[in-house]
Structures are given as structure tokens and as C-alpha cells.
Amino acid sequence: MEQPMKQHGAFSWNELTTSDVDGAKKFYSKLLGWSMQDVPDCDMGYTMAKAGDTEVAGIMNIPEDFNTMPPTWGSYVTVDNVDIQAALAEKLGGKIVLAPQDIPEVGRFAVISDPQGAILSLITYIKQE
């Protein structure tokens with residue numbers, strides 16, 4: 001059976017980048033009842049937020065290369081081929097903010113902005129058998 005959130009064009013993931021991961025974990029745990037699970041063996045440090053048994057979001061530190069950006073929630077939309085869609089975004093007047101790159105054991109993603117400057121992440125998940 002097809003996973004609805006992993007179909008082309010579907011919003012499939014939410015991610016908070018923040019300067020205070022511990023504070024965010026406490027806040028969202030109390031606010032939304034999420035449980036938090038740190039991902040072992042993740043060099044950048046990553047926490048999965050769960051509603052019940054379902055992973056609903058990720059929380060991570062703002063990358064050092066982007067330390068001037070404010071904490072923000074970002075959304076991912078599933079696409080069949082992130083490289084093709086990122087290039088198409090540019091042809092349509094958008095910009096590639098972060099070029100396509102791999103996330104080990106997850107898939108491949110890119111960050112784009114639309115012609116008005118709104119940021120969106122695109123992701124192609126690894127096909128699970």
C-alpha cells in the first residue's frame with residue numbers, strides 16, 4: 001500500500017531548527033504532548049518528536065553555516081526526483097537555497113525558495129522494499 005505522505009506533491013515532514021534544542025523539546029513536549037527520542041549516531045544531533053507512536057517532526061540545532069538565521073519550522077514536500085524538481089524551481093523563477101544532497105538512510109533533499117522568497121524543502125525518499 002502506498003504511503004500517502006510519500007507521494008509526489010505531499011507535505012511529508014516538519015522540522016524545527018533552533019538555537020535551543022533542549023528548550024524546544026521541553027516546550028513542545030508540554031504544549032503538544034509529544035515524546036522526544038534522540039537519534040543515536042547522528043553527527044549533527046537530531047531529535048524525533050512523536051505523537052503517540054508516530055514520528056511527526058524533527059528538531060535540530062541551527063547549522064553553524066546558518067547561525068544568523070532565526071529559529072524556524074520548515075516543511076518538506078515529497079517529490080519523485082529532487083534534482084529535477086530543484087532545477088525546475090530555478091527555471092520557474094525560484095532559487096536553490098541548498099543544493100540537493102543525501103541524507104543517509106533517508107533520501108535526498110534540497111531547499112528552494114519560490115519567486116516571492118518563501119522557503120520550502122523538497123525530498124525524495126529512499127524506496128523501502
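The values are calculated or read from the model by the stated rules, or taken from the named source; none is laboratory data. On a predicted model such as this, the values are computed, not experimentally measured, just so you know. Ideal geometry is used to build each Cβ from the backbone, glycine not excepted, and the neighbour counts take in all protein chains shown.
The conditions are (1) touching a Gly at 6+ places or on another chain (Cβ under 9 Å); (2) not assigned by TED's automatic domain parsing to the domain that holds Tyr28, and Glu90 fails exactly one of them. Which is it?
Answer for Glu90: the failing condition is (1).
Taking the range 9-35, which residues are assigned to a strand (DSSP E or B) and farther than 25 Å from Ile119 by Cβ?
Answer for the range 9-35, where residues must be assigned to a strand (DSSP E or B) and farther than 25 Å from Ile119 by Cβ: just Ser35.
Within the range 75-106, which residues are in contact (Cβ under 8 Å) with a residue 60 or more places away in the chain and surrounded by 12 or more Cβ atoms within 10 Å (Cβ to Cβ)?
Scanning the range 75-106 gives Ser75, Tyr76, Val77, Thr78, Val79.
Test each condition in (1) in contact (Cβ under 8 Å) with a residue 60 or more places away in the chain; (2) surrounded by fewer than 16 Cβ atoms within 10 Å (Cβ to Cβ) for Asp53 and report the one that comes out false.
Answer for Asp53: the failing condition is (1).
Surrounded by 15 or more Cβ atoms within 10 Å (Cβ to Cβ), of a type in the set (Lys, Arg) and either at pLDDT 90 or above or over 20 Å from Ile123 (Cα atoms) (or both): does that describe Lys25? Break it down stepwise before answering.
Working: surrounded by 15 or more Cβ atoms within 10 Å (Cβ to Cβ): yes; of a type in the set (Lys, Arg): yes; either at pLDDT 90 or above or over 20 Å from Ile123 (Cα atoms) (or both): yes.
The answer is yes for Lys25.
Using the structure shown, decide if Leu98 is at pLDDT 95 or above and closer than 25 Å to Ala118 by Cβ.
No: the conditions fail for Leu98.
Considering every residue within the range 107-121, establish whether at least one is closer than 18 Å to Asn14 by Cβ and in contact (Cβ under 8 Å) with a residue 60 or more places away in the chain.
Yes, there is a match, as at least one residue in the range 107-121 is closer than 18 Å to Asn14 by Cβ and in contact (Cβ under 8 Å) with a residue 60 or more places away in the chain.
I'd like the full set of residues that are surrounded by fewer than 12 Cβ atoms within 10 Å (Cβ to Cβ) and not aliphatic (A, V, I, L, M), limited to the range 107-129.
Selection gives Pro115, Gln116, Gly117, Lys127, Gln128, Glu129.
Quick check on this structure: which one of Val97, Val82 is aliphatic (A, V, I, L, M) and under 17 Å from Trp13 (Cα atoms)? Explain how you work it out, then say what you get.
Details: Val97 fails: under 17 Å from Trp13 (Cα atoms).
Sole residue among the options that is aliphatic (A, V, I, L, M) and under 17 Å from Trp13 (Cα atoms): Val82.
Check Thr47, Thr18, Thr72 and return the single one that is touching a Ser or Thr at 6+ places or on another chain (Cβ under 7 Å) and over 24 Å from Lys127 (Cβ atoms).
Thr72
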